[in-house]
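Student: I have a structure here, written as structure tokens, and I will follow up with some questions on it.
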Amino acid sequence: MSFLLRQITQRATGGEIARETRLESDTIDIGRGSDCAVVLADLAVMLVHARLSRTPVGTLVFQAMGGVPLNLGRKFAERFEIATDQSATLTIGSYELRIDPGANEVETQIAVERMVPLLAANDPAAERRTFTLSASLLGKRRMAWAIMMVILVLGLIWPIGHFFMTPIAAPTSQTTVPAQTVFSPDRLWSSGPLSKVHAGLAQNCRACHVAAGNPVADTACRSCHVKLPDHAVLTKMRRALPQDSGVLARGGKALAHGLGVKNLRCASCHIEHEGPKQALQIGGSFCRDCHANLHARLVDTHLANVQDFARPNGHPEFNASFVMTPAVAHPVIARQSLATRPRESSGLQFNHQQHLSAGNAVARMAAASGLAKRGLNCNYCHVAKPSGSWVPVNMVKNCSACHSLAFGRRGLGLPHGDTAKAIEAARESLRVDQIDVTMQSDRRLPGVNFPTSAARLPTADAAVRALFAKGGACADCHFIAAPGSAGLDFRVLPASLNPHYLPRANFVHAPHKITACTSCHLAQTSTLASDILIPGIATCRQCHVGAVKSLGLPPRHPAGSLCTSCHSFHPKTWGLHAD
Amino acid sequence: MTKRFQSGTQLHESFLVYARYRWLKLALLLVVLVIMGYALIDQKPRPNGGSAYGYALGTLGAGLIVWLAALGVRKRWITHGRWSLMAWTSAHVYLGLALVVIATLHSGFQLGWNVHSLAYVLLLMVVASGLYGIYAYVTVPRALSLNRGETTQPQMLEALRLLDRQLYDAGLGLDGAHPAIVRDAIQNCDIGGSLWARMSGHYADCSCTHALRILQSEPAPIGLAPVIALLERKRLALAQARRQVVLKTRLEIWLYLHVPMTVALLAALTAHIVSVFFYW
């Protein structure tokens with residue numbers, strides 16, 4: 001029995017080299033050990049891995065010797081037996097042994113070939129990759145592309161697409177804006193939180209940013225803020241703006257003008273996206289920008305220059321409105337500086353000093369009527385409304401407790417406000433009295449004096465004359481036009497109360513309750529209704545020291561005075577003035 | 001320009017020191033001017049990117065970002081003469097640091113969850129990774145030279161291959177479990193591999209160390225002496241190659257943040273500028 005051993009090596013250029021050895025034996029050992037007949041130089045092979053023997057019955061037996069099953073034709077077992085004329089492939093470690101029948105029946109060929117190379121070949125590319133990071137990280141270029149696309153899509157394409165595909169919501173007249181709930185991608189473009197009042201617009205950027213590429217226009221604001229008046233005529237305001245002298249500012253303005261950015265838009269002053277508490281980002285000095293030297297730019301203005309409330313010439317004396325000519329329907333109201341000591345013609349006569357006295361007849365009358373203990377105070381006639389303005393003084397409510405228009409024996413009050421009706425009511429009252437007197441009997445209650453004859457009653461004409469005469473019911477407060485030749489067509493001249501003396505300022509009385517009314521309104525020394533009791537600027541300056549930090553007060557302290565303490569940019573019109 | 005001695009040899013001049021710190025001085029001057037402008041120029045209602053000064057700083061910042069990113073293009077051109085790559089790199093570093101100040105003042109310190117602050121944050125990430133890059137470029141090359149001694153990287157790997165072959169031959173005569181251990185030590189020792197291994201130099205369960213530990217603790221190490229000696233040499237060679245990987249990683253890793261973030265910054269910058277003029 002012999003085995004023909006062929007050890008096959010592959011040439012680098014292709015082809016095989018086979019070294020043949022003849023083993024004359026029935027049994028050969030295969031393994032790593034050098035005493036084996038077939039030496040396989042592989043650490044994965046046992047020292048004696050397998051024994052191949054030829055049996056007397058003419059079969060080949062493969063027996064595992066190293067404790068590791070043999071792999072014959074991809075089957076694993078400790079022992080295989082095949083016929084001598086069969087072929088088989090035995091895989092041991094990285095070697096493959098092909099067993100074939102030999103040239104004659106007592107010979108078996110074994111071809112041994114190493115299938116897996118000893119060690120990995122020298123691969124320069126792999127070696128380079130060992131030392132650089134590109135093997136274990138995603139490539140820089142790929143990462144860059146990926147991140148760039150994500151940012152461009154989320155931050156640019158999506159919002160722009162949303163902008164052009166969403167219709168503009170119709171303007172609403174609601175005072176609060178209903179919030180949209182669907183996320184709007186242009187929120188990613190928001191440069192800051194919105195003010196509290198606009199918070200509902202957070203998902204609706206197009207409410208203000210209507211046109212792409214254009215600054216927020218006044219039309220967008222006015223779609224909701226319909227009735228807000230302008231500060232002044234827009235063309236005049238543009239002329240009134242001071243021209244910056246710096247190169248940077250001038251260049252910036254020219255650039256803005258060239259790009260179509262108008263100044264004096266709503267958005268020029270009302271800067272949004274500054275947080276919940278801010279919708280008006282104006283410093284206290286803003287008004288001064290124009291008004292400090294308005295005359296230089298608007299030569300025809302009647303407004304005085306204003307620098308600072310506290311400085312002696314920094315703010316003009318107040319211009320008060322007062323009634324110049326009273327009328328029933330349209331009284332003539334004029335504005336004039338308090339420095340000229342104007343006088344008001346309200347058509348009434350009133351003595352404040354008399355009514356405020358603590359000890360005179362008025363005071364005693366008031367005490368007797370239970371109205372006030374030690375003389376009337378201001379609040380008896382001047383009642384404040386919750387909004388801060390004043391209820392107009394009303395004759396019936398405020399005066400008639402003392403100034404009764406009771407007439408005649410029955411004491412029925414004459415109607416106030418209509419001369420003809422009053423005269424008629426007086427006559428009627430006298431007629432009633434006449435009837436009373438005529439109808440009287442001899443029986444009478446004790447203590448009640450009736451004139452025993454009608455002759456004691458005054459005549460109607462005399463009564464009417466007495467009514468309107470000095471000392472009568474009307475002349476205390478009113479001016480009476482003397483009757484014509486007919487004799488009895490008395491007329492009470494019209495009287496008009498001034499609704500507001502300083503309509504261009506927002507004066508709030510509530511914080512001023514720390515002082516008495518008479519500390520500013522010198523009513524206690526006023527005897528004439530034509531006195532204007534509105535205090536001048538000197539009175540205010542006693543406490544309000546201006547925007548400058550004097551007395552160590554911060555500029556926003558209530559006793560400081562920024563322009564906005566009293567004035568607002570958007571004027572409220574009180575309906576009386578034309579200019 | 002590199003310094004030359006009369007003999008003609010060149011001394012290495014770091015990009016940080018280039019031209020006696022010329023670009024550091026220019027960058028400092030720029031920062032001082034920008035801060036002074038911010039302090040002195042009144043911006044209404046408060047400092048913000050939309051004021052005149054804000055627009056000026058924004059334009060300057062955007063121009064700087066684009067020029068800084070252009071270093072990636074410049075470094076691939078081979079040119080001669082002035083405006084060398086060394087000068088560009090020096091300017092890149094210092095003007096990039098100045099850009100942080102410019103961008104911050106441009107924002108008026110107003111940050112929020114929007115695309116504008118995204119651009120700012122990306123810029124900070126780019127500069128931060130660049131700062132690490134400077135640190136790496138200044139400290140790592142010397143360590144690399146010390147580590148490699150006189151060898152090259154292919155030589156390191158070749159030495160390991162030779163050791164593997166010798167180990168293989170030495171292991172053929174072993175019995176028991178030892179051949180498998182030696183085979184493991186040959187086949188399963190990584191250099192490089194995962195990012196963590198590359199950064200830390202820590203290779204858990206290195207088969208070579210494992211094999212050494214087992215073989216050295218054998219009671220009667222007859223016949224094991226050559227294997228153990230080879231394993232020791234392999235351990236040292238592995239350590240050198242792995243340290244080389246660690247150092248090379250430090251030189252390269254920051255660019256994997258720096259470059260993609262720069263591209264992302266350019267994208268975010270585009271979104272920022274377009275959106276600002278879209279919703280003027």
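The values are calculated or read from the model by the stated rules, or taken from the named source; none is laboratory data. Every value quoted in this text rests on a predicted model; they were computed, and no experiment measured them. Cβ placement follows ideal geometry from the backbone for every residue including glycine, while neighbour counts extend to all protein chains displayed. The accessibility values were calculated without ligands, DNA or RNA, using every heavy atom of the protein model including side chains. Shrake-Rupley method; radii C 1.70, N 1.55, O 1.52, S 1.80 Å.
Student: Span-like helices, chain B: DSSP H, alpha-carbon axial extent 15 Å or more, mean Kyte-Doolittle 1.0 or greater, which ones? Could the numbers behind the result be given before it?
Tutor: On the way: long enough: B:18-40 (33 Å, 1.43); B:52-69 (26 Å, 1.41); B:85-107 (32 Å, 1.44); B:115-148 (47 Å, 1.15); B:153-171 (27 Å, -0.46); B:225-253 (41 Å, 0.23); B:255-278 (33 Å, 1.81).
TM-like helix candidates: B:18-40, B:52-69, B:85-107, B:115-148, B:255-278.
Student: Moving to a separate point now. Suppose the Debye formula is applied to equal point scatterers at every Cα of the protein assembly as shown; what is log10 I(q)/I(0) at q = 0.10 Å⁻¹?
Tutor: The calculated log intensity ratios at q = 0.10 Å⁻¹ are -1.17.
Student: Rounded to whole Hz and in sequence order, give me ³J(HN,Hα) for the stretch A:496-506 from the Karplus expression 6.51 cos²θ - 1.76 cosθ + 1.60, θ = phi - 60°, writing x for Gly and Pro.
Tutor: Along the stretch A:496-506, the couplings run 10, 8, 7, x, 7, 7, 10, x, 8, 10, 9 Hz.
Student: Under 14 Å Cα to Cα from A:LYS421, which aspartates and glutamates show up? Leave out anything in the same chain fewer than 8 places away.
Tutor: A:ASP489
Student: When the Karplus curve 6.51 cos²θ - 1.76 cosθ + 1.60 is applied with θ = phi - 60°, which whole-Hz ³J(HN,Hα) does each residue of the stretch A:539-545 get, with x for Gly and Pro?
Tutor: Listing the rounded values in order: 5, 5, 5, 4, 10, 7, 9 Hz.
Student: Which percent of the accessible area of the protein assembly as shown is formed by carbon and sulfur heavy atoms (probe 1.4 angstrom)?
Tutor: On the way: 30980 of 50470 Å².
Roughly 61 percent, rounded to a whole number.
Student: Report, by chain and number, residues whose modeled amide H sits under 5 Å from the one on A:GLN278, excluding near sequence neighbours (fewer than 5 apart, same chain).
Tutor: Here the answer is A:LYS196, since their amide H atoms fall under 5 Å of that of A:GLN278.
Student: Continuing with this model, one more query. Could you check which residue among B:LEU122, B:LEU174, B:LEU255 shows the biggest mean-square fluctuation in a GNM of chain B with a 10 Å Cα cutoff?
Tutor: Evaluated over chain B, the most mobile residue of the options is B:LEU174.
Student: What percent does the relative contact order of the stretch B:122-233 come to when contacts are Cα pairs within less than 8 Å and at least six residues apart?
Tutor: Numbers: 53 pairs, mean separation 26.3, N = 112.
It rounds to 23 percent for the stretch B:122-233.
Student: Order A:306-313, A:463-470, B:147-154 from most to least packed using the mean count of other Cβ atoms within 10 Å.
Tutor: Put in order of decreasing packing, that is A:463-470, A:306-313, B:147-154.
Student: So what are the ³J(HN,Hα) numbers for the stretch A:83-95, from phi and the Karplus equation (6.51, -1.76, 1.60; θ = phi - 60°), rounded to whole Hz, Gly and Pro as x?
Tutor: Per-residue couplings from phi come out as 6, 5, 8, 9, 9, 8, 10, 10, 9, 10, x, 9, 9 Hz.
Student: Which of the lysines could a cross-linker bridge to B:LYS44, judged by Cα under 19 Å and excluding same-chain residues fewer than eight apart?
Tutor: Leaving aside lysines fewer than 8 places away in the same chain, those within reach of B:LYS44 are A:LYS253, A:LYS262, A:LYS277.
Student: Taking 8 Å as the Cα distance limit and 6 or more residues as the minimum spacing, I'd like the relative contact order of chain A as a percentage.
Tutor: Working: 795 pairs, mean separation 51.9, N = 579.
Reported relative contact order: 9 percent.
Student: Then there's this: Which cross-chain or sequence-distant (5 or more) residues have an amide H under 5 Å from the amide H of A:ASP476, H modelled 1.01 Å from N in plane?
Tutor: Residues meeting the criterion, in which the H sits 1.01 Å from N, are A:GLY471.
Student: Moving on. With a 1.4 Å probe and every protein chain left in place, tell me how much accessible area A:LYS236 has, in Å² to the nearest 10.
Tutor: Spelled out: A:LYS236, probe radius 1.4 Å, area about 90 Å².
Student: Search the structure for amide H atoms under 5 Å from the amide H of A:PHE407, placed 1.01 Å from N in the peptide plane, and list their residues when 5 or more places away or on another chain.
Tutor: Counting only residues 5 or more places away or on other chains, the set is A:LEU412, A:GLY413, A:LEU414.
Student: Using alpha-carbon pairs under 8 Å, 6+ residues apart, how would you state the relative contact order of chain B in percent? Show your work: numbers first, answer last.
Tutor: Working: 243 pairs, mean separation 61.8, N = 280.
It comes to 22 percent, rounded to a whole number.
Student: Here's something else I'd like to know. Would you calculate a helix-derived [θ] at 222 nm for chain A, using -39,500 (n - 2.57) for each DSSP H run of n ≥ 4 and dividing by the full residue count, to the nearest 500?
Tutor: Values: 16 runs with 122 residues, N = 579.
So the calculated ellipticity at 222 nm is -5500 deg cm²/dmol.
Student: Just to confirm, what accessible area per residue do you get for the protein assembly as shown at 1.4 Å probe, in whole Å²? The partial results should precede the final answer.
Tutor: On the way: 50470 Å² over 859 residues.
On a per-residue basis, 59 Å².
Student: At 1.4 Å probe size, with no ligands or nucleic acids counted, give the accessible surface of A:THR325 in Å², nearest ten.
Tutor: 70
Student: Could you work out the helix-only [θ] at 222 nm for chain B, with each DSSP H run of four or more residues adding -39,500 (n - 2.57) and the total divided by the number of residues, to the nearest 500 deg cm²/dmol? Walk me through the intermediate numbers first.
Tutor: Numbers: 11 runs with 200 residues, N = 280.
So the calculated ellipticity at 222 nm is -24000 deg cm²/dmol.
Student: To make sure I understand the rule: partners must be aspartates and glutamates, Cα under 17 Å from the Cα of A:LYS75, and not fewer than 8 residues away in the same chain. Which ones qualify?
Tutor: Cross-link targets: A:GLU96.
Student: Further question: Any idea how far apart A:SER485 and A:ILE168 come out in nm if each label point goes 7 Å out from Cα toward Cβ?
Tutor: 7.3
Student: Which trypsin sites (Lys or Arg not before Pro) in the stretch A:41-76 pass both tests, a DSSP loop state and at most 12 other beta-carbon atoms within 10 Å? Working shown, then result.
Tutor: Values: sites: A:ARG51, A:ARG54, A:ARG74, A:LYS75; in loops: A:ARG74.
Listed in order of number, the matching sites are A:ARG74.
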